[in-house]
Amino acid sequence: MAGTLTLEDIVRKTTDLPSIPSAALAVIREADKPDASAQKVAEYIRQDQSLTARVLRLANSAYFGLARRILDAREAVVVLGLRSVRNLAMVASTYPWMIRPLKGYNLGPKQMWCHSFGTAVGAQLIARETGKADPDAAFTAGLLHNIGKVALSIWLENKLPAMMAMAVRDDLTFDEVERKILGFDHAEVGAYLAEEWNLPEPLVLAIRFHHHPDECQPHEPIVDCVHFGDYLTMSMGFGLGGDGLRYEFSTHALERLSVDPEATDRIVCDFVASYEAYEKLFQDLDQAA
Amino acid sequence: MLGTQLLVGMAEIQVSKEGPLFVCLGLGSCIGLAAYDPVARVAGMVHVMLPAAFADKPVDKPGKFADTGVSAMLEQMARLGASKSRIVVAMAGGAQVFNFGSGNSGRLDIGKRNADAVEEQVRLLGLRCLGKDVGGNQGRTMTFDSGSGLVKVRTVTSMERALCNLRGS
């Protein structure tokens, strides 16, 4: 396949590309503005009935433990805040297709979701603890960091054993093998999709450089947060596929975030606790998917 | 309980003398440690997440840490009639990211530190380890059929393979 297809060809020829409803994309773009309007966010959500239903189901989940039911998008924004609702809109938009298996990466049902959501929670935690990036933007970036895998999966079906053999033989990371075989890797494909969706630039950068944050010039803290969130998620075994942990970790990302490596074990504990707390969010979501 | 499956989630300890299949799913840098007393026919498994408990923080789940989890599992097994001197174990997991670039991995090597810490506990407690599959960059699933004693490990890309038999047969 090497050299025969461009990244654009792959995206154009993949029939089952991930998608995010335009209403949810409008929510992200609005929430990203310094003068974001809660009313506009609520209006964008209301434009999409299915999105509204899922956001309300999440808002009324055990995770938030509200005393009374939230009945519409406007109320959700008022009660939970604009940033929480933006994250709920992203979760509601990505969950239905992220729970599908990805054969090309040997990911079973829900595993892509499990890994993406773990990275979102990890990146948010790191952003919050370090104060280096907006925790909610980091959450969204973490959630979307592997969208390129959804597009590439079909092209890698049945190739994984050979790719892993090549990785071992040539001492390569999995993304290096992707580049050797395809000419590009899942991070580049993901960034291409994110650009097509007109996502804010920091999100595009986080997707593009999540395995190689040192290459992002100038450095973006959100990229480092997603890189570290991805490491935590892989280490804890959340949604590991056939590529496993065959990636590189940059300790320079930790230095830029001013995270003391000695604190790693405590961060792991906080991360797992955060992830487990968030699981309450999904108790009802399968019915809404 | 013969034929039933006991999922051992992260930081959990499960023990039984009724022959269930213990399962540790999706071990990344965590370690699954299976244990068995072939005389009392008491079995157990712990899913260790980190090497050591924090000195300044109470331990919420003993199974979370190697230095509290292994002995806590043995205590639970002892309550079912197991004797430490007869217990044999097998361990799997402890994967880590492929490389740490140009930096020093230090404390980030959770997989290796977990494997070392569990091995240290096994040694300190005088347990005999019959099988070990640790390290590398692949996630693992570990099963322990306490009816037959068979411990198996599989990765996402490899077939399930027998690691050892804790009944010794």
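The values are calculated or read from the model by the stated rules, or taken from the named source; none is laboratory data. This one's a predicted model, so the numbers in the text were calculated from it and none came from an experiment. Ideal geometry is used to build each Cβ from the backbone, glycine not excepted, and the neighbour counts take in all protein chains shown. Ligands, DNA and RNA are excluded from the accessible area calculation, which covers all protein heavy atoms including side chains. Shrake-Rupley method; radii C 1.70, N 1.55, O 1.52, S 1.80 Å.
Mean per-residue shielding of peptide A:261-270 is 4, counting Cβ atoms of other chains within 10 Å of each Cβ.
Starting from the Cα gyration tensor of segment A:46-183, multiply each eigenvalue by 5, take the square root, and state the resulting semi-axes largest first in whole Å.
Rounded to whole Å, the semi-axes are 36, 17, 11.
If you wrap the Cα atoms of segment B:83-169 in a convex hull and average its projected area over all directions, you get 6.6 nm². In segment A:1-149, the portion of solvent-accessible area held by carbon and sulfur atoms comes to 48 percent [1.4 Å probe, whole percent, DNA, RNA and ligands not counted].
Calculated mean residue ellipticity, 222 nm, chain B: -5500 deg cm²/dmol, from DSSP H runs (n ≥ 4) at -39500 (n - 2.57) each, averaged per residue and rounded to 500. Quick check on my link table: of A:Lys13/A:Lys149; A:Lys110/A:Lys159; A:Lys13/A:Lys40, which ones sit more than 24 Å apart, alpha carbon to alpha carbon? Beyond 24 Å: A:Lys13/A:Lys40.
How large is log10 I(q)/I(0) at q = 0.27 Å⁻¹ when the Debye formula is applied to the Cα atoms of segment A:199-245, each weighted equally and without solvent? Log-scaled intensity ratios, in q order: -0.92.
Ordering A:Ser19, A:Ala36, A:Leu56 by the projection of their Cα atoms onto the charge dipole of segment A:1-73, which places +1 on the Cβ of Lys and Arg and -1 on the Cβ of Asp and Glu, puts A:Leu56 at the extreme positive end. Take each residue in A:230-240, count the other chain C-beta atoms within 10 Å of its C-beta, and the mean is 6. Reported to the nearest whole Å, the Cα centre-to-centre distance from segment A:34-93 to segment A:133-161 is 24. When you count the other C-beta atoms within 10 angstrom of each residue and take the mean per peptide, A:232-239, A:267-274 line up highest first as A:232-239, A:267-274.
Counting Cβ atoms of other protein chains within 10 Å of each Cβ in B:132-141 and taking the mean gives 4.
One equal scatterer on each Cα of segment A:150-231, no solvent, Debye formula: the resulting log10 I(q)/I(0) at q = 0.10, 0.16, 0.21, 0.27 Å⁻¹ is -0.27, -0.66, -1.01, -1.25. Evaluated at q = 0.17, 0.21, 0.22 Å⁻¹, a Debye calculation over the C-alpha positions of segment B:38-141 (equal weights, vacuum) places log10 I(q)/I(0) at -0.82, -1.13, -1.21. The residues of segment B:62-157 expose on average 38 square angstrom of accessible surface per residue, using a 1.4 Å probe on protein heavy atoms. Only lysine pairs 8 or more places apart, or on different chains, with alpha-carbon atoms under 25 angstrom apart are counted in segment B:22-169, and they number 13. Share of carbon and sulfur in the accessible area of segment B:27-169 stands at 49%, probe radius 1.4 Å. Compactness ratio for segment A:1-121: Cα radius of gyration over 2.2 N^0.38 Å (N = residue count) comes to 1.24. Take the accessible area of B alone and of A alone, subtract that of the pair with a 1.4 Å probe, and the total buried over both chains is about 2800 Å². When the Cα positions of A:Gly239, A:Pro218, A:His252 are compared along the charge dipole of segment A:213-254, A:Gly239 comes out farthest toward the positive end, with charges on each C-beta of Lys, Arg, Asp and Glu. Remark on B:Gly135: its backbone amide H falls under 5 Å from those of B:Gly93, B:Gly94, B:Ala95, a criterion applied only to residues 5 or more positions apart or on other chains, H modelled at 1.01 Å from N. The mean sequence separation of alpha-carbon pairs under 8 Å and at least six residues apart, normalised by the residue count of chain A, gives a relative contact order of 23 percent.
When the alpha carbon gyration tensor of chain A is reduced to an equivalent ellipsoid, the three semi-axes, largest first, read 30, 22, 18 Å.
Amide H contacts of B:Lys17: B:Ala43, each under 5 Å away and 5 or more positions distant or on a separate chain (H built 1.01 Å from N in the peptide plane; Pro and chain starts excluded). Close amide-amide hydrogen proximity is noted between B:Cys164 and B:Val151, each under 5 Å apart and 5 or more residues distant or on a separate chain (H modeled in the peptide plane; Pro and chain starts excluded).
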